[in-house]
Every structure is written in C-alpha cells, then in structure tokens.
Amino acid sequence: MSINPINIGGVPNDGNGQDLRSGGQIINDNFAELDTRTAAAQEKAEQGVSDAAAARDAATEAKAVADAAVPATALGDSVPQLINGVVPASQLPSFVDDVLEFPTLEDFPEAGETGKIYIAVNDGDSPTNPTRQYRWSGSAFVLIPSSPGSTDQVPEGPTNQHFTQSRVRSTTLYGLGALVNAAILATDTVLLALAKLQGQVNAKLGKSDVATDSDKLGGQPASYYTATMTGATDSADGLSGLVPAPPAGAAVRVLSSLGTWIAQATGSTWGSITGTLSSQVDLSAALAAKQDTATAPMAKRYTSTAQQFVAGGQFVVSHRLGKEVAVVETWIRCKAAELGYSVGDKLPYPSMGTDSGGSTGLSVVCTSSTATVRMGTGSFIMLQKASGTTTFFTAANWEIYLEFMG
C-alpha cells in the first residue's frame, strides 16, 4: 500500500477539495501504513544487529585461530603485516618491483634503485626502436631481454648463430667420413649421402681401368673404346675403333679399308672390279635373263619435235636410233578446235595417201639416222570427227610429229 495525499483544491474555499471526513480517513490510512513499515524496519534492524554480533563473534574466533597458527614473532618477518591497510614494501617479495616509465633511456635518473624496473618507451612497437626494460645493477642500467617479435630482434651469440645462405655455402664438410660405393637412402644424412656419391664416382672407370663386372664393357679397358680403328693389311684384318678424323686440304675424301682417308677417284670410272663374271653368280644370272640387243626386235624409241603443216613442204628428222628404222608412225595433233576435234586431240595420219581433191597423207623416207618427210602440194583433207565425211582442214590448226622404233 502507498501513502495517499489529500486533495485540498486549487485555492481556499474553491469547493474542489475533499471534505473533512474523507480527508481524515486518508490521514488514518496513511498512519496505518507508516506503522506497518516501521514494524518491518524494526524487525530487519534487530536481525542486522543479531547478524553483526554473530559476525563479530566469528571474526574473534578466526583471529584466535590465526593468532594460534602464526607466532607473534613471525609477524612482519615471514608473514606480511598490514600497516594502515597496506603491506609495506619492506615486506614484499623481491620479484614484486616498482615499474618506472620514462620516454627514453637518456631520461632515466643518473643512479637507479635496486629492485625497480625502468621502462624506456622509445618508439613503442617500432621494430627498429621498440620499448625496452632495464634493471639497476648498482653501477649501470642493464637491458632485460623481452620476447622478440621475430628472429631479427634476437642478438646473435658466439655459439648459437643465425642461419644464412652464405654460411651454408661456406660450411666445410667436416666429418664427411669414409667414402662408400653404395646407394643413397632416404635415411642418410647429407654428409653420408655425399660420401656415397664420391664413393660411386671413384668406383667408375678411369682411362686405364678395366671393367670385369660390366656386360656392356665386356671386360675391356677404357682405352679399347676410345682407340682409333686399325686398317687391314695383306695378311691381317683391321681392328674396329673410332673413325679417324678426316684431314684438311681435300673437299671430298673417302675412308678406305686401310683405315685412312683417301682422295675420291675422278673421271668416268671409279675403282675397278676384277675377276670373272661367272664368279658373280647373282649378277651373271640377272644378265643372262636379259635379251641380247642383237636379237631384240625393237630396243629403241624416238619421238620427234612437232612441225607445222605446209602445202608441198618438206623437213628432215634425226631419229637417233643409230640403226635401221623398223616402225615409223605419223601423228597430227589439234592446236585449234575444228571439225569436231578439241585442242590436244591426236590421231594417226596415213603415209603415201592422195586424193583427187587434196592431200591425205605424207611421204616418209628413212635411213639409219634420218627421216625425210614430204607433204602433198594440195589442200589437206581428213574425216570429220562426228559425221565421218571427208573435208578439208585448216593446216594452221594442226601440227605433225613422228615416232620411230628400231
């Protein structure tokens, strides 16, 4: 329940306030509320007094127990003793120090105090000028190393030195050990691996060594595979080896069985084949299978160059057969399309042919070296390609050539 105020109106006698009876009722109710609250507060106060007394008794008992556990002679010596609620510095352990902060080392006092830590803030977290801690040694401020942010901030000592590539490259192979001709294993150290490598290299062939356990070298000395070939003689075979270097001074040379470079023969023949043909069985049989030119019906063929038709004309051809002509054929070839024939069409043209209306053939007289061709004096005639009727053709549209066989 709360305390209620009496409505007294806005101004005296304005008729808006409470009447006397209702105002008295509110006053009575408020006093009753105050009595209730006072009784409750009194009860709590009495309980607090009782609790305080109990706490005092408990503290007294605790003090008695503590006093019994700690002798009075130890107070202020091995056990801290409060003075004005504070443990004096003389009773603090040595590792609890005062921390004094200064901008730089130059700002420190001229002489420090033992047991205090001096801070030089410097440039804070700057890698080149970080905050540093010092102690007073009695004669100078000594740097207290802090946990570095990187190995760059750890000063190098004479024993534990920084790793650098140049130091690795210049480190000697002290402790390499005995050289071993064996395979390198993943469990080997670097020194052992190098010892094995050198051992393998030393076991390889030198210039004068002999391999007795190599199928490829066959037990031959190394010089066997680097020697120059030895040429053959009349009584001894040559020996295989490296081909000798060709000498300077000749553009073309060939390697002979003598093991030397010789000049290549010039002229129509090179070298010579001796012995009888019958000794060359395969060559003799191949030649015997060929037909002799004396009995062959026709062994040569020659085609003349093309000539132009000329009425009454004549030309001589050297057929180059070197013998009597056995067969001669005369051909004409179309140069410009006419009478149904296309350019390139060729057809045989008869010899000794004439017609009352014009010439239909040629006269060809052959010797062992030439052929004389005579054309008729009249216009030249031939059959049309499609109809087969005889008609004149234009000489300029055709050319003639001959084929000889003998």
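The values are calculated or read from the model by the stated rules, or taken from the named source; none is laboratory data. Just so you know, these numbers come straight off a predicted model, no measurement behind them. Neighbour counts run over all protein chains shown; Cβ positions are idealised from the backbone, glycine included.
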Exercise. Taking the range 384-393 on its own, how many of its residues are in contact (Cβ under 8 Å) with a residue 40 or more places away in the chain and in contact with a strand residue (DSSP E or B) (Cβ under 6 Å, 6 or more places away or on another chain)?
Worked result: 3
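Residue-wise test of (1) of a type in the set (Lys, Arg); (2) surrounded by 10 or more Cβ atoms within 10 Å (Cβ to Cβ).
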| position | (1), (2) |
| --- | --- |
| Ser2 | no, no |
| Pro12 | no, no |
| Leu20 | no, no |
| Arg37 | yes, yes |
| Gln42 | no, yes |
| Ala62 | no, yes |
Exercise. Scanning the range 255-275 for residues that are more than 58 Å from the chain's Cα centre (by Cα) and within 22 Å of Asp234 (Cβ to Cβ), which turns out modelled with the highest pLDDT?
Worked result: Gly275
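Sort out which residues of the range 98-137 are on the phi > 0 side of the Ramachandran plot, surrounded by 10 or more Cβ atoms within 10 Å (Cβ to Cβ) and either not polar (S, T, N, Q) or not in a loop (DSSP other than H, G, I, E, B) (or both), and write them in order of number. Explain how you work it out, then say what you get.
Taking the range 98-137 as the starting set, the residues that turn out to be on the phi > 0 side of the Ramachandran plot are 115, 122, 124.
Subset that is surrounded by 10 or more Cβ atoms within 10 Å (Cβ to Cβ): 115, 122.
Answer for the range 98-137, where residues must be on the phi > 0 side of the Ramachandran plot, surrounded by 10 or more Cβ atoms within 10 Å (Cβ to Cβ) and either not polar (S, T, N, Q) or not in a loop (DSSP other than H, G, I, E, B) (or both): just Gly115.
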Problem set entry | Unique match (being free of Cβ contacts under 8 Å to residues at least 40 places away in the same chain, surrounded by fewer than 10 Cβ atoms within 10 Å (Cβ to Cβ), farther than 30 Å from Thr128 by Cα and of a type outside the set (Lys, Arg)) among Thr187, Thr151, Thr159, Thr164 | Thr187
